[in-house]
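To keep things clear, I will list the structure first and then write my remarks on it.
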Amino acid sequence: MSNSNASTAHSIIKPSHGDPLIQIRDLNKHFNLGGGQILKAVNDVNLTIGRGETLGVVGESGCGKSTLGRTVMRLYEPTSGQVVFDGKPLYDLKGSAMKTIRRDMQMIFQDPYASLNPRMTITDVIGEALDIHKLAGSRAERKKKVESLLDVVGLNPDHATRYPHEFSGGQRQRIGIARALAVEPKFIIADEPISALDVSIQAQVVNLMQDLQRKMGLTYMFIAHDLSMVKHISDRVAVMYLGRVVELADSDELYANPAHPYTQALLSAIPIPDPDVELERERITLKGELPSPINPPSGCPFRTRCPLATEKCAKDTPALAEVKKGHFAACHYASV
Amino acid sequence: MERILEVKDLRVNFKVRGGIVQAVRGVNFHVNKGETVAIVGESGCGKSVTAQSLMRLIPSPPAVTTGSIRFKGEEILTKSLRQMETIRGKEMGMIFQDPMTSLNPTLSIGKQITEGLVKHQGMSSEAAKTRAVEMLKLVGIPNPESRVSQYPHEFSGGMRQRAMIAIALACNPSLLIADEPTTALDVTVQAQIMSVLKDLQTKLGTSIILITHDLGVVADSADRVIVMYAGKVVESGKTRDIFKNPKHPYTRGLLRSVPRLDQKKDEPLIPIFGTPPDLIKPPAGCAFCARCDEAMRVCVNNDPALVPVEGEGHTAACWLNHPLAGEGGESA
């Protein structure tokens, strides 16, 4: 039932920039936990990302946003569904065709301390990607490429022979970005790229990512739980809850007119760094805890915590439907 | 107003290979009864070391702590460890960032709450258990009667943090030190936890020291704010003064570098360039000088003192607040 509605949704969704680079179609990723327990981490997700666009994906821990990113990157094989990348069905590709396409899609990880090999110099961390895809003909060319990448991300090229522990968190995240850029990708998934960094450094990294996007025409999927930063960097934002996309809209529109009660609660929970504004604000406090994704509620996944829930919500799962032009919400009682 | 805590010239040095890290370099502040004081700053600015020193949780050696910490009129730094045991948990409670590693996985939640009650208040185990159930109810844990005998791994992240608050507040301490209490939690859970803390503060009259890097949480919860940078207080004052009339370029930089939910998207973020200084060799002048876009010549070699500025109890350590600054000053 949700499939038919959802497929209309993705045919209507127009990326805000150019033609689609990525189309995520009816994507499911379920984990079999044994004993008949199945964790539906990603559930019937349909999304389109246009060339040069930044799609933000937000939601709380356990909502499936990281699994979605990893499945789109094909670090996980999907349970069902398809991702069409640059016109090619990603999950049907094999061997060298898959390897070629991996050049076009790269990932930046959350923890700049854990995602760099401590025993490799920065030259080798970045150079490894060049070697795998045979992008440097000689050692001299490899060295030159690494140095120019370090320069691009604002690091001193003379530091190429250092090891990861000699850099600060912000610098390591820049190394992670340089590594991702080494193969000249079209699409980058950044999974919580700034949440391990101090606030003053977060702005440095976000500005760098935006700069690179403008210069290189990159397409981003920006996964984060910091909604203020996601709003800042994204063209459109998808809100996930228990494996499903419950709302999708242009970022200014989503924050100005959230239609789904979950998005409304999520936005109202974020404190604003202004004591006068905080004094006036009314907070929607959600009841209870996030239900287990192993045994999600029937019908609408949010109904157990929703102030608007009725009997209908227990029976019918609301599909992601357009509530106003370019603004989609999966709620029987979505406000417009 | 009654001052329950007065910190004077607190210094904490750590001996490490390659020198001495001056983690806290002469910090002064006070906390009044029933108020919430937030300490903000980046990793490594000394905010957690300061907080842990208040309870003497920094092992010495390797640390050398000097200065004065007066809590309810008594000097903390000269107390014996045995004397500290009667203060920790009873007079001062602490909650930590990561409730999973700071709770004991082998003891039931109830046991961890009653431990302090039996020890400090001489309660019978029956009475302590009744109190534990009451505390769990107070922090908003459903079915406290059955939850009290469960273990930390059976609780979610938000519930563990609630349990930790229940442990910290069970003996009704006059000071609660909350070190990044919501950093590991989702925003909706953060909102729940902060409202629990505020409710309990109103009911019990507890003073709270809130250590955080989240300026939104500060704006929402704190009465006063202390901004730390490179082991020193660079600005302090009432929350509204700090946010509306910041007098230190670092405070202004912090406020500019975070995007606000209620702002239009097109305004660019203004980061603070560079990184904090190495505290093995702290700079001779203002520690923020190298990252400051308003730095002057005087800043390079002369460390500015914390001086009163506009606003009640508002102080800042920046040469720009000197009465003659701006009159033909030359930039560095």
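Things worth noting here:
- In sequence order, region B:211-222 has phi-based couplings of 9, 7, 10, 8, 5, x, 4, 4, 4, 7, 10, 8 Hz under the Karplus curve 6.51 cos²θ - 1.76 cosθ + 1.60, θ = phi - 60°, and Gly or Pro positions carry x.
- Converting phi to 3J(HN,Hα) with the Karplus coefficients 6.51, -1.76 and 1.60 and the offset θ = phi - 60°, region A:194-206 yields 10, 6, 8, 9, 5, 4, 5, 7, 3, 4, 4, 5, 5 Hz in sequence order, with x at every glycine or proline.
- Free-standing Cys, chain B [no other Cys Cβ under 4.7 Å]: B:Cys45, B:Cys171, B:Cys292, B:Cys318
- Nearest-0.05 FRET efficiency for A:Val84 and A:Phe31, computed from C-beta distance (R0 25 Å): 0.55
- Note on B:Asn302 and B:Thr86: the extension gain reaches 73.5 nm, defined as 0.36 nm multiplied by sequence separation minus the Cα-Cα distance.
- The B:Asp199 and B:Ala284 beta-carbon pair, evaluated with R₀ = 30 Å, returns a calculated FRET efficiency of approximately 0.05.
- Annotation: the antiparallel percentage among DSSP beta bridges lying fully within the protein assembly as shown is about 60.
- Two-site FRET efficiency, A:Leu279 against A:Glu166, from Cβ-Cβ distance with R₀ of 35 Å, rounded to 0.05: 0.15
- Fully extending the segment from A:Ser96 to A:Ala140, taken as 0.36 nm per residue of separation minus the present Cα-Cα distance, adds 13.2 nm.
- The calculated pair-distance distribution of region B:194-307 uses every alpha carbon pair, bins of 10 angstrom beginning at 0, and gives 12, 38, 32, 15, 4, 0 percent.
- Rotationally averaged projected area of chain A (alpha carbon convex hull; nm²): 18.7 nm²
- 3J(HN,Hα) from dihedral phi, region A:217-233, Karplus parametrisation 6.51/-1.76/1.60, rounded to Hz, x for glycine, proline: x, 6, 10, 10, 10, 10, 9, 6, 9, 7, 5, 5, 5, 4, 4, 5, 8
- Sorted peptide list for A:168-181, A:319-332, B:199-212, criterion being average Cβ within 10 angstrom, highest first: A:168-181, A:319-332, B:199-212
- Pairs exceeding a 30 Å alpha-carbon distance, out of A:Lys325/B:Lys198; B:Lys8/B:Lys198; B:Lys129/B:Lys238; B:Lys198/B:Lys247; A:Lys144/B:Lys15: A:Lys325/B:Lys198; B:Lys129/B:Lys238; A:Lys144/B:Lys15.
- Out of every Cα-Cα pair that region B:121-208 contains, those further apart than 18 angstrom amount to 43 percent.
- By the Cβ distance rule (another cysteine Cβ under 4.7 Å), the unpaired cysteines of chain A are A:Cys63, A:Cys306, A:Cys331.
- Under 5 Å from the amide H of A:Thr48 lie the amide H atoms of A:Ile24, each residue being 5 or more positions distant or on a separate chain, with H modelled from the backbone and absent for Pro and chain starts.
- Per-residue mean of C-beta atoms belonging to partner chains within 10 Å, peptide B:218-224: 4
- Remark: mean inter-chain Cβ contacts per residue of A:227-236 equal 4, using a 10 Å Cβ-Cβ cutoff to other protein chain atoms.
- Whole-percent pair-distance distribution, where bins are 5 Å wide, for the alpha carbons of region B:15-171: 1, 8, 15, 17, 17, 15, 12, 8, 4, 1, 0
- Once you reduce region B:123-163 and region B:203-225 to the center of their Cα atoms, the two points are 24 Å from each other.
- Within chain B, percent of DSSP bridges classed antiparallel, to nearest 5: 65 percent
- Between amide H atoms placed 1.01 Å from N, distances below 5 Å from B:Met123 occur with B:Val118, all of them 5 or more places distant or on a separate chain.
- Quotient of Cα Rg and 2.2 N^0.38 Å for the protein assembly as shown, N being how many residues it contains: 1.01
- With each label modelled as a point 7 angstrom along the Cα→C-beta vector, the A:Asn295-A:Ser61 pair spans 2.1 nm.
- The length gained on full extension between B:Asp9 and B:Asn143, counted as 0.36 nm times the residue separation minus their Cα-Cα distance, comes to 43.6 nm.
- Extending 7 Å from Cα along the Cβ direction at A:Lys325 and again at B:Gln263 yields two label points whose distance is 2.9 nm.
- Exercise: per-residue mean of other protein chain Cβ atoms within 10 Å, B:187-198: 5
Here, each number is a calculation from the coordinates, and none is a lab measurement. What you are looking at is a predicted structure, and each value in this text was computed from that prediction instead of being measured. Cβ coordinates were reconstructed from backbone atoms using ideal geometry, including for glycine residues, and neighbour counts include every protein chain displayed.
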